[in-house]
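Undergrad: Before I ask anything, let me first share the structure, which is written out below as structure tokens.
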Amino acid sequence: MRLRRLQRADIEAVRDGFASGIAAATTRWMFPRSLPSKLGWFDDMEASKEHDAFAIVVNRRVVGICSLRPPRFAGRELTIAIFDPAMRGRGLGTFAVTELCRFGFSQLRLRRIELGVYPNHRAAIACYARCGFQYEALLRRYVYHNGVWTDAMWMSLLRSEMGLKKNERAR
Ligand SMILES: CC(C)(COP(=O)(O)OP(=O)(O)OC[C@H]1O[C@@H](n2cnc3c(N)ncnc32)[C@H](O)[C@@H]1OP(=O)(O)O)[C@@H](O)C(=O)NCCC(=O)NCCS
């Protein structure tokens, strides 16, 4: 398994991953997107200095996506989705989140990475907690999901909390 920069050629796999609806129950990404709209998203992301996306690759297959995008509050916001349910619960999320945070803190020199998660999404919360994320707040009735105003749990990880190697530490 590895992370690599998302490429334009990956967008069809990403579109298919979200279009399958498999991530809809636990993410804010509830509706299928067309290929042109996803390609537009990719081009905007490439043009932005505040958005970095990576493909999660297993045996050369793109099985998920993760990113650091502009924050709701401060730093960057982490997003992740592993499309194939058979690939979940095997440590892939923990690997991808750790690698992405290492990139954010050492390459982008971030001080803080934040994320939102539904409070009943126990697998994601376990994954984030294992990567060092701490509970920060409950945003009440924050997301309109499936016809219901739903709470979101906010978590964050600070650079000082991540065990960076000496050569990765920001100055
Ligand atoms: C959330 C997600 C990224 C996690 O990735 P993953 O590869 O499944 O995560 P990991 O295998 O590294 O860790 C999952 C942890 O949850 C635990 N877990 C799995 N199902 C669980 C459950 N129902 N209740 C409690 N813990 C659970 C696992 O045991 C594991 O913890 P452990 O390593 O301490 O044993 C992945 O499931 C996913 O992409 N889901 C769909 C999209 C999504 O929900 N994205 C996140 C939105 S916030």
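The values are calculated or read from the model by the stated rules, or taken from the named source; none is laboratory data. Fair warning: this is a prediction, and the values are worked out from it, not measured in the lab. Backbone-built Cβ (ideal geometry, glycine too); neighbour counts: all protein chains shown.
Undergrad: Within region 73-102, can you find the residues that are under 26 Å from Y144 (Cβ atoms), part of a loop (DSSP other than H, G, I, E, B) and within 12 Å of the ligand (Cβ to nearest atom)?
TA: F83, R88
Undergrad: Which condition breaks for A123 when tested against (1) hydrophobic (A, V, I, L, M, F, W, C); (2) within 14 Å of the ligand (Cβ to nearest atom); (3) more than 25 Å from M30 (Cα to Cα); (4) touching a Lys or Arg at 6+ places or on another chain (Cβ under 8 Å)?
TA: For A123, the failing item is (3).
Undergrad: Could you please tell me which pairs satisfy a Cβ distance under 7 Å, a separation of 6+ or placement on different chains, a first residue in region 67-95 that is at pLDDT below 95, and a second residue that is of a type outside the set (A, V, I, L, M) and more than 9 Å from the ligand (Cβ to nearest atom)?
TA: Once the first residue is at pLDDT below 95 and sits in region 67-95, its partners that are of a type outside the set (A, V, I, L, M) and more than 9 Å from the ligand (Cβ to nearest atom) give F83/G17; F83/S20.
Undergrad: Continuing with this model, one more query. Counting only residues that are over 23 Å from Y128 (Cβ atoms) and among the basic types (K, R), which one in region 37-86 is surrounded by the most Cβ atoms within 10 Å (Cβ to Cβ)?
TA: K38
Undergrad: Collect the residues in region 126-153 that are within 13 Å of the ligand (Cβ to nearest atom), within 21 Å of F103 (Cα to Cα), touching a strand residue (DSSP E or B) at 6+ places or on another chain (Cβ under 9 Å) and not hydroxyl-bearing (S, T, Y), keeping them in residue-number order.
TA: C127, A129, C131, G132, F133, listed by residue number.
Undergrad: Need at least 3 residues that are of a type outside the set (A, V, I, L, M) and within 13 Å of the ligand (Cβ to nearest atom) per element, so show me which strands (runs of 3 or more DSSP E) inside region 1-72 make the cut, counting only ones lying wholly within it.
TA: The qualifying strands (runs of 3 or more DSSP E) are 61-69.
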